[in-house]
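The values are calculated or read from the model by the stated rules, or taken from the named source; none is laboratory data. On a predicted model such as this, the values are computed, not experimentally measured, just so you know. Backbone-built Cβ (ideal geometry, glycine too); neighbour counts: all protein chains shown. Quick note on the areas: whole protein, heavy atoms, side chains included, nothing else; ligands and nucleic acids left out. Shrake-Rupley method; radii C 1.70, N 1.55, O 1.52, S 1.80 Å.
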Amino acid sequence: MSIDATGTVAVVTGATGGIGREIALGLSRLGATVIIGARNLQRGNATREAIIAETGTTDRVLVLALDVADLGSVRAFVEAFRQNFTGLHVLVNNAGAWFTQRRESPDGIELTLATNVLGPHLLTELLTGALQHTGDARIVNIVSSITGEYDAEDLQFRQRPYDGFKAYKQSKQALSMLTWGAAARLERAAITVNAAEPGFVRTDLNRNAHGARAAMINLFARLMAVPPSKGADTPLWAATSPTLRGVTGKLIAKRRPTEGKYHDLSAITDLERRCAALEEGHA
């Protein structure tokens, strides 16, 4: 089935490389206007030029500054978006990272949590009005099969010894939980929210990680991981396929929707409350 996304507006975070770049390229090929959220504007503009060179869509690829780990940057991005657009059809929360050493965001929040959880959560909240305006919008959160180590009382690893890989696992579980919460909350607004699992993909996710574990993951990635173009297939399908119209609250892997894990309502509500408190600077 051919897909025509002409006339739709899409935001993709983490789109200057890896899966995000391929998702942005795929959306552009389908006719969408694509906004690349880029922490590094030079890389963002280089990505824009590369997409234009491949698609010829000079007036349908834009770059706006966005560091999802910086809550002020998220708010500024949304204001810039609103100055250019009224409605949004697709939001792909793709940006993600993990770090060997504990680091903090400009807001003083553990950086993995800020990048992989709080940024996407706040961006989704602030863009909900634009998504609702279109009457048929989709949010796709990029998750992972690597999950666990969730501790609601220690989301920032202030009590536990810091382990970057565990922080990453926790963040991806938390993002899944927020996906189910948003799906339930936004269903009446005609906004679907799904989690897409791209599989084991060769990307630069490990660029901020060092040591034996990171080296081992990088080795396995070179030997076994799929290229970003293949990893982007399921997220792109989740963002555009007509067969998923009205489908929400699902984990999608290899183009197959399932129920996923971590659906405890009280835990999800608690996490949403903690995220809101952190975003408001109250925790």
Per GNM of the chain with C-alpha springs under 10 angstrom, the most fluctuating residue out of Gly87, Gly108, Gly17 is Gly108
Regression test value, accessible area per residue of region 77-193, probe 1.4 Å, units Å², expected 37
The ratio Rg/Rh over the Cα atoms of region 24-128, Rh being the Kirkwood inverse mean 1/r radius, stands at 0.99
Taking 0.36 nm per residue of separation between Ala277 and Thr57 and subtracting their Cα-Cα distance, the length gained on full extension comes to 75.1 nm
Ignoring ligands and nucleic acids, Leu113 exposes an accessible area, probe 1.4 Å, in Å² to the nearest 10, of 10
Options (i) 56; (ii) 60; (iii) 50 are given for percent of Cα pairs over 23 Å apart, and the computed one is (iii)
Dimensionless Rg/Rh of region 3-78, both radii on Cα and Rh by Kirkwood, sits at 0.96
Quick tally, 1.4 Å probe accessible area for Asp233, Asp4, Asp154, sorted with the most first, runs Asp4, Asp233, Asp154
Once all protein chains are kept in place, Lys230 shows an accessible area at probe 1.4 Å, nearest 10 Å², of 130
Heavy-atom accessible area of Ser144, protein chains in place, probe 1.4 angstrom, given in Å² to nearest 10, is 20
With x for Gly and Pro, the residue-by-residue ³J(HN,Hα) of region 247-256, computed from phi through the Karplus equation 6.51 cos²θ - 1.76 cosθ + 1.60 at θ = phi - 60° and given in whole Hz, is 7, 9, x, 10, 9, 10, 9, 6, 6, 10
Other residues with Cβ under 12 Å from the Cβ of Gln42 give, with Lys and Arg +1 and Asp and Glu -1, a net charge of +2
Restricting to lysines and to Cα separations under 17 Å from Lys172, and discarding same-chain partners fewer than 8 apart, the set is Lys250, Lys261
With all protein chains present, the chain has a carbon and sulfur share of its accessible area (1.4 Å probe) in percent of 50
With the dipole of the chain defined by +1 on each Lys or Arg Cβ and -1 on each Asp or Glu Cβ, the option from Gly135, Gln173, Gln156 whose Cα lies farthest towards the positive pole is Gln173
